[in-house]
1. If you count, for each residue, the other Cβ atoms within 10 Å and average over each peptide, how do 302-309, 163-170 line up from highest to lowest?
2. Give me the one-decimal nm value for the distance between modelled label points at Val143 and Asp263, 7 Å along each residue's Cα-to-Cβ direction.
3. Given the pairs Lys202/Lys249; Lys10/Lys202; Lys261/Lys293, which are separated by over 28 angstrom at their Cα positions?
4. Along the Cα-to-C-beta direction of Tyr325, a point sits 7 Å from the Cα; which residues of region 1-45 have their amide N less than 17 Å from that point?
5. Evaluate the charge dipole of the chain about its Cα centre and quote only its size in Debye, nearest 20, assuming +1 on the Cβ of each Lys and Arg and -1 on the Cβ of each Asp and Glu.
6. Output the antiparallel fraction of DSSP beta bridges having both residues in region 2-322, as a percent to the nearest 5.
7. Given the convex hull over the Cα atoms of the chain, what projected area results after averaging over all orientations, in nm²?
8. Which ³J(HN,Hα) values, rounded to whole Hz and listed in residue order, are derived for region 214-223 from phi using the Karplus coefficients 6.51, -1.76 and 1.60 in 6.51 cos²θ - 1.76 cosθ + 1.60 with θ = phi - 60°, glycine and proline given as x?
Amino acid sequence: MSKNILQIAKERILVLDGAMGTMIQRHKLDENDFRKGWFENHKQPLKGNNDLLSLTRPDIIKEIHNQYFASGADIVETNTFSGTSIAQADYSLEEYAYDINYHGAKIAKEVALEFTEREPNKPRFVAGSIGPTNRTASISPDVNDPGFRNTNFNELNIAYQEQIKGLIDGGSDILLVETVFDTLNAKAALFAIQVVFNELNKSLPVMVSGTITDASGRTLTGQTTEAFLISISHFPLLSVGLNCALGAKDMQPYLKTLSKKTDFMVSAHPNAGLPNEFGEYDESPQMMAEQIKVFLDDGLLNIIGGCCGTTPDHIKEIADLASNYSPRVPLVNSNFINQ
């Protein structure tokens, strides 16, 4: 599978899906939707814990994947962004981390296989989504105690290993460490990936996508784009990229840095602009595609998709646009490509 997706990525720009949360919000779900069949007697409120829907409302998650594939996506992300025991601890659901990831990947894989069977000339892939957790290993959450940490590398490594095993067992084709705001967290995820690969005697392509949090051009923990890249370049990646925080227009200079500095493939899945005062995203599919066109004109990308606020309509517009462009040609020394 890794050779298949690598060969395709050399031939054309691959299209990633759009936002999961945006699509879930359209269903106007209530508390019962997050409990059905699994958590009826759980003592804490669960509404908003979207990863649980892979267990309690798999029909909704399957339909969202279906819509993104139908819109032109080559890759859909699993509904597992907060699928670690660390993140699920907020709901006292740590013990369900493996189930969340296994079923999240299984649902996506079922849909991918259906589309691949119908269109064998356009195989579909599943990227196991590995989020940053809701903790940071590099900085203190307490301004009065700079030395305090609410997690550490070892805790993250253990939690990520459990998530990764579920994602692989469920059928993921790729692992995507995304929305990296703390590179130490990401390095723990990459370490966990290698541990699991060694245990299973198998490997999958791995993507890493960081997030630039504001106009300073840095991650939340203060790294520049180039520093972030250097920090993860020890690992044989399929791609490195950026997602979330910024809209497409503001992401451009940082993608240029990645494109010039890395021999990995480059990905981007920006938000549909910046959130308005109601926390909603206003950029239409056409507006977003116009901004992404600049990336493609400059030859910056191998993989393109959408993050917060994007929908199947956004992905269709992006996929139609990307079909007119050739992918960026990575530099010649890529560790992944030369394997």
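Readers should treat all values here as calculations from the given coordinates under stated rules, not as data from a laboratory. Since we're looking at a predicted model, the values are computed, not measured. Reconstructed Cβ throughout: ideal geometry from the backbone, glycine too, with neighbour counts over all protein chains shown.
1. Averaged packing, sorted descending, gives the order 302-309, 163-170.
2. Spacing of the two 7 Å Cα→Cβ label points: 4.5 nm.
3. Lys202/Lys249
4. The answer is 9-18.
5. Numbers: 29 positive and 42 negative charges, 159 e Å.
Dipole of the chain, to the nearest 20 debye: 760 debye.
6. Values: 2 of 29 bridges.
Once the DSSP bridges in region 2-322 are tallied, antiparallel ones form about 5 percent.
7. Details: hull surface 66.1 nm².
Convex hull of Cα atoms, orientation-averaged projection: 16.5 nm².
8. Per-residue couplings from phi come out as 7, 5, 5, x, 10, 6, 4, 8, x, 7 Hz.
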